[in-house]
Amino acid sequence: MHSFAENILTVFCILFFPLFFVGIINRVKARWAGRKGPAVFQPFYDVARLMKKGEVVSRTTSPVFAIAPSISLAALLCAALLIPVGAFVPFLSFKGDFILFAYLLALSKFATILNAMDTGSSFEGMGASREASFTALVEPAFFVVISSVAYLAGYTSLKDLLMLFHTQGSWSVIIMVLAAAAFFVMLLVEGCRVPVDDPCTHLELTMIHEVMVLDNSGPDLGFITYGAGLKLYVISALISSFLVQPGLSPLAAFALFCLIVCATAVAVGLVESFRPRLRMVHVPEFVLLMVSISLLICAGVIIYRTGGVQ
């Protein structure tokens, strides 16, 4: 059962952490560059300012352009409701819900791609094709990781398999660390962060996500900006749920959950501070890193379940 306090804290995380996550990344990057940088809460001000602005809509667009940002954000919000926050029970949970989770992320990406292509711009279409190609490599790896963990834990809902597969002995620790590493790569790819993409770039030949939203403005751009942060939070929450050990008190588990989410944001900032953006031809090689890790997890789970490891 959901308590009122659990619901409030879960909603607080969904509303607060997406933009706070981006603020931490920007702050870490500024500090390592020797600059003061923007405040951690600057993304909140940016989104609030966008929500007050008017929109400029191209005459070549259709109603798809108007509704796509809302659909993308709604899909991400529904995906966030499937992830347990610490030891709290998620709002939505049922057998096989990880399939819905994956396809809610896919629906969000599909709406974003439609939004870009509806403008009739070949430039935005180029960014959309790049984003779709990278996601096509990430999605199978995600299913391999989650299915392997589900096979190890014996559960098919995110709530149960994230909280209970730790009980499978010391072997689950190895799987847990590898899964967290795989999802961190997924965060960099799906979040369009360095080394896959650079959110601060203005070079035509290297832009991916940024070029897809060039025609958006006002509240729609605010939805897209918040949605980008929400996707980072959702994947980091998935990582945190893997690392939070069962048996902790609800408040301790919640505090550890928040700490891991913030630590993930710091890690992304450090990667962007020390790692240059990859050339476009080498990005698939980086994305295949998640595929390799997922195959290692699958092999490890099969060996364990067949009695190869005691």
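The values are calculated or read from the model by the stated rules, or taken from the named source; none is laboratory data. Computed from a predicted structure; not experimentally measured. Cβ coordinates were reconstructed from backbone atoms using ideal geometry, including for glycine residues, and neighbour counts include every protein chain displayed. With ligands, DNA and RNA removed, areas are computed over all heavy atoms of the protein, side chains included. Shrake-Rupley method; radii C 1.70, N 1.55, O 1.52, S 1.80 Å.
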Original post:
Exactly one of (1) under 26 Å from Leu289 (Cβ atoms); (2) at pLDDT 90 or above is unmet by Ile174. Its number?
Top reply: (2)
**OP:** Inspect segment 122-137 for any residue being under 30 Å from Thr306 (Cβ atoms) and modelled with pLDDT under 95 and give the result as yes or no.
**Re:** yes
Original post:
Is it true that Phe134 is assigned to a helix (DSSP H, G or I), open to solvent by less than 40 Å² (accessible area, probe 1.4 Å) and in contact with a Leu (Cβ under 6 Å, 6 or more places away or on another chain)?
Top reply: no
Subject >> Residue tally, condition open to solvent by less than 40 Å² (accessible area, probe 1.4 Å), part of a helix (DSSP H, G or I) and in contact (Cβ under 8 Å) with a residue 60 or more places away in the chain, over segment 110-129 >> reply: 7
Original post:
Checking Leu104 against (1) free of Cβ contacts under 8 Å to residues at least 60 places away in the same chain; (2) out of contact with any Cys (no Cβ under 6 Å at 6 or more places or on another chain), which test does it fail?
Top reply: (2)
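Would you confirm, using the coordinates I've provided, whether Ala116 is hydrophobic (A, V, I, L, M, F, W, C), closer than 19 Å to Val287 by Cβ and at pLDDT 90 or above?
no
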Original post:
Hey, any hits in segment 232-245 for a residue that's in contact with an Asp or Glu (Cβ under 7 Å, 6 or more places away or on another chain), in contact (Cβ under 8 Å) with a residue 12 or more places away in the chain, surrounded by 15 or more Cβ atoms within 10 Å (Cβ to Cβ) and under 18 Å from Phe183 (Cα atoms)?
Top reply: yes
